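One structure is given here, and the rest of the page talks about it.
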Amino acid sequence: MKIAVIPARGGSKRIKGKNIRAFAGKPLISYSIRAARQTGLFDAIVVSTDSNDIADIALASGASDIILRPAELADDFTGTTPVVQHAIRTFEQPAELVCCIYATAPFLSPASLIEGCQKLSLASDMQYAFSVTTFDFPIQRAIRMDGQGVSPVDKAQIGKRSQDLETLYHDAGQFYWGRRDAWLAHHPMFSPQSIPVVLPHYLVQDIDTEEDWVRAELMYKAYQEQINHD
């Protein structure tokens, strides 16, 4: 059995009502639910929330189940793993594979979810498969403020050409496939037992501030126009 768990609490501080705010005309969470449904992989699409408003919109958008999480799992300091663990333990049927999908991932594609599931299913010695993307600038050439001037973070790397530096990746913040036991044991996500699913950089955008929101909407609309044109 495979289930999707979408964490979506109601107390977003930087963008009020972020998870259900209209993004390009639809509630933001609806994009994650739609992508999960389109894969055809999931026996259940579960939304974990502390908000009745989010629950109602999630169900209207196609989620199959709502898990109302306790207050201690709905504060500003609770990480993703405890929320997923609570959903796994609360859901009435045991799932072999559990995919945590963020509610703030309008660029999430069914194909990427399917790729992650296939890679994890074929690698019995691995625990997770999650989305990653490249940095848009070589982080080895980072600088820091130094008094009134600047200094390189890594003096040995700052003078190298971009093409001579190792390509590095970061968590794309879209989805995290994991085995049930790995989630429940809190096995570390960033480890040699995790499979990267590489996404193109233009399909990744954090949405943490109003500026992020505007940028993401512009990117999304441009991407949709390109798809429709093709």
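Since every read-out is calculated from the coordinates, none of them should be taken as a lab result. Every value quoted in this text rests on a predicted model; they were computed, and no experiment measured them. Ideal geometry is used to build each Cβ from the backbone, glycine not excepted, and the neighbour counts take in all protein chains shown.
Computed values, structure above
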quantity: Given 16 as the ceiling on other Cβ atoms within 10 Å, longest exposed-site-free region of the chain for GluC sites (Glu not before Pro) in DSSP loops; calculated: 1-91
quantity: Cα gyration tensor, the stretch 41-108 - rounded (a/c under 1.5), prolate or oblate; calculated: rounded
quantity: Residue with peak Gaussian network fluctuation, the chain [Cα springs, cutoff 10 Å], from ASP43, ASP208, ASP154; calculated: ASP154
quantity: Over the chain: Kirkwood hydrodynamic radius from C-alpha pairwise inverse distances, Å; calculated: 18.9 Å
quantity: The stretch 158-230 versus the stretch 1-70: alpha-carbon centroid distance in Å; calculated: 19 Å
quantity: Interchain or long-range residues, amide H under 5 Å from SER48's placed H; calculated: ILE6, ALA8, ILE67
quantity: Backbone N under 16 Å from the THR167 label point (7 Å along Cα→Cβ), restricted to the stretch 190-230; calculated: 196-204
quantity: Crossing angle, helix 80-90 versus the chain [Cα axis fit, 0-90 degrees, rounded to tens]; calculated: 20 degrees
quantity: Nearest-ten-degree value, helix 210-229 long axis tilted from longest Cα axis of the chain; calculated: 80 degrees
quantity: Under 26 Å from LYS119, Cα to Cα: lysines that are on another chain or at least 8 residues apart; calculated: LYS2
quantity: Distance (nanometres) between label positions extended 7 Å along Cα→Cβ at ALA111 and ASP206; calculated: 2.7 nm
quantity: For TRP213, TRP177, TRP183, order by how many other beta-carbon atoms lie within 10 Å, fewest first; calculated: TRP213, TRP183, TRP177
quantity: Rg/Rg_ref, the stretch 99-149, where Rg_ref = 2.2 N^0.38 Å and atoms are Cα; calculated: 1.78
quantity: Estimated inter-spin distance, LEU59 and ILE158, nm [label 7 Å along Cα→Cβ]; calculated: 5.8 nm
quantity: Enclosed volume per residue, in Å³, of the convex hull spanned by Cα atoms of the stretch 81-169; calculated: 199 Å³
quantity: Shape call, the stretch 1-97: gyration tensor on alpha carbons, a/c limit 1.5; calculated: oblate
quantity: Cα gyration tensor shape of the stretch 115-230, rounded if a/c is under 1.5, else prolate or oblate by comparing a/b with b/c; calculated: oblate
quantity: Candidate aspartates and glutamates - alpha carbon under 16 Å from LYS13, same-chain residues fewer than 8 apart omitted; calculated: ASP50, ASP75, ASP76, ASP206, ASP208, GLU210, GLU211, ASP212
quantity: Long-range amide H partners of VAL197 with built H, under 5 Å; calculated: PHE130, SER131, VAL132
